[in-house]
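Read the structure below first, then the notes.
The values are calculated or read from the model by the stated rules, or taken from the named source; none is laboratory data. Please read these numbers as outputs of a predicted model, since none were measured by experiment. Every residue, glycine among them, receives a Cβ derived from its backbone with ideal geometry; neighbour counts consider all protein chains shown.
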Amino acid sequence: MTNTFIIAFCVLILMAYIFDLTTAKTKIPSVILLLILGFGLQQLTDVLNINVPKLDDLLPILGTIGLIVIVLEGSLELELDKSKLPLIKKSIVVALIPMMALGFILAGAFYYYQLHYGPGDVDPDFRKALIGAIPLTVISSAIAIPSAINLGKKNKEFVTYESSLSDILGVLFFDFVFRNVTIDFHSFWVFLLQLLIIAMVSFIATIALSYLLAKIDHSIKFIPIIILVILIYTLSKIYHLPALIFIMLFGLFLGNLGQIQQFKLIQKLKPHKLGNEIKKFHEILREGTFLVRVMFFLLFGFLIQTEELLNQKTFYWALGIVGLIFFIRLVQLKISKLPVMPLMFVAPRGLITILLFLYIAPEDSIDLVNKSLVIQVILLSVIIMMIGLMFNNNDELFFTKRKGRMATDSSDKDVATDLETQIANVKKAEEFAKTEISAEISSTLQERDESESSIDELAQTSEHNEEEENHSEEDLEKDKDKNDENIDESDKIV
């Protein structure tokens, strides 16, 4: 049994790796294939009557660890400099506004359904409806970032910022509503105080972890750092602090060390040496993120039941929710003056949706928001993203063609202006070259005419000289004849 489990585990991980490699060519998100693989494995165990231990309790653990490593890896890749500020602002707006709008619209719909069609023994509660709606509003960075591999550099960077911020803002939004039975000024004040506390904890923990990363000379140093990060996150959650902010700040600090190395405190960490260690840390973290993500979605697919997947009662709700998700996203992208294609389709629900749903206590849950609805929303959003990305052959080319009809940011306008200037310069260079060539041809023709004239003059001079030579020879002959006659006359006289 042990050998069978090990072989099955290795084969599944290798298949997941093949899925990840082929995503760039097939444009099928690896998450879809992992869910299908997990669901198929569960059907196979039922057919073969294989006894599998209960794995439901393992899903929240893998989800929490997956959330930590995914947000940490995403924040390590985020660059913070002045050139990125417009992108960061747009990412925050596009991540936050649709989330809030969709959350309150869905909460209103759930509350209305409870009020008119729900069981009479339970009083409708808007707060509970909002708690149930928030998990469906968050974009999953665990799915969006790997799926953006075929997008252009700008769109891929935007997806990374937006999905990472969506995870963080979604957790903060959920925690705020979940922890406060009554939402008033006091609850906002407590939440602000919690943000300040976690900011201080993040600063101290970040400096301490960075110091350990730079100073530890042991061959094993990165796994203890990751364990400490998970430990700090868990302790912060116990004291009801927004712990995901610590993960984001720690990743941003390590990923942007070069931007702050002029400070004395940072110089003590030996940033040049620490930079090399951060690269190694990022590589190991990327490998670990892949493994945790694969295990989570395989397990989630394995735990999906057929009756949950084909639940008709929640299916129409899922269709309406997914339609509303993409409609609000379309409107927000147009308002933010971002390219609608292909960004409109990159709004999948996934790991964070499942994790927040599992956090909902039984006393705060509503019947309508159940496992069937969550599964169907996740699958529909991912399938729509897959179809949209399949028909997106070259988003950079599309973006270039659309730039005349869409108001893009100032940097894109500068690029277009530079291109037009370069084209104009090339045309001027061509005209100048043509003028120079024409002048050279004219000069060559003129020189040829002058050469021919010189040749004619030389020919005429030569003919004139020949005539003079002929005349000289005739005169000489005449003189010779005269001398001969004089000689004859002299002889006669003698």
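Could you identify the single residue in Ile266, Ile238 that is at negative phi, surrounded by 12 or more Cβ atoms within 10 Å (Cβ to Cβ) and free of Cβ contacts under 8 Å to residues at least 60 places away in the same chain?
Every option except Ile266 fails the conditions.
So, in region 327-349, exactly how many residues are surrounded by fewer than 17 Cβ atoms within 10 Å (Cβ to Cβ) and part of a helix (DSSP H, G or I)?
Here the count works out to 7.
Look through Ile139, Ile105 and report the one residue that is part of a helix (DSSP H, G or I) and either more than 14 Å from the chain's Cα centre (by Cα) or surrounded by 17 or more Cβ atoms within 10 Å (Cβ to Cβ) (or both).
The match here is Ile105.
Take Arg329 and tell me if it is under 17 Å from Ala133 (Cα atoms), touching a residue at least 40 places away in the same chain (Cβ under 8 Å) and charged (D, E, K, R).
yes
Out of (1) touching a helix residue (DSSP H, G or I) at 6+ places or on another chain (Cβ under 8 Å); (2) surrounded by fewer than 21 Cβ atoms within 10 Å (Cβ to Cβ); (3) not in a helix (DSSP H, G or I), the odd one out for Val369 is which?
Failing condition for Val369: (2).
Sort out which residues of region 258-282 are more than 23 Å from Lys82 (Cα to Cα) and not in a helix (DSSP H, G or I), and write them in order of number.
Listed by number, the residues that qualify are Lys268, Leu269, Lys270.
Out of the residues in region 108-126 that are exposed (fewer than 12 other Cβ atoms within 10 Å of the Cβ) and charged (D, E, K, R), which is modelled with the highest pLDDT?
Asp123
When you scan region 46-68, how many residues do you find that are in a helix (DSSP H, G or I) and closer than 28 Å to Tyr359 by Cβ?
11
Taking region 218-264, which residues are within 26 Å of the chain's Cα centre (by Cα) and among the polar types (S, T, N, Q)?
If the condition is that a residue be within 26 Å of the chain's Cα centre (by Cα) and among the polar types (S, T, N, Q), then Asn256, Gln259 are the ones that fit.
Could you tell me which residue of region 165-205 is nearest to the chain's Cα centre (by Cα), considering only residues that are crowded, with 19+ Cβ neighbours inside 10 Å and more than 30 Å from Ala107 (Cβ to Cβ)?
The selected residue is Ser202.
Sort out which residues of region 269-280 are touching a residue at least 12 places away in the same chain (Cβ under 8 Å) and over 14 Å from Leu212 (Cα atoms), and write them in order of number.
Matches in region 269-280: Lys280 only.
With the checklist (1) modelled with pLDDT under 90; (2) assigned to a helix (DSSP H, G or I) in hand, flag the one item Ser219 doesn't pass.
(2)
Any chance region 295-315 includes a residue that's more than 21 Å from Ser381 (Cβ to Cβ) and touching a Leu at 6+ places or on another chain (Cβ under 8 Å)?
Yes.
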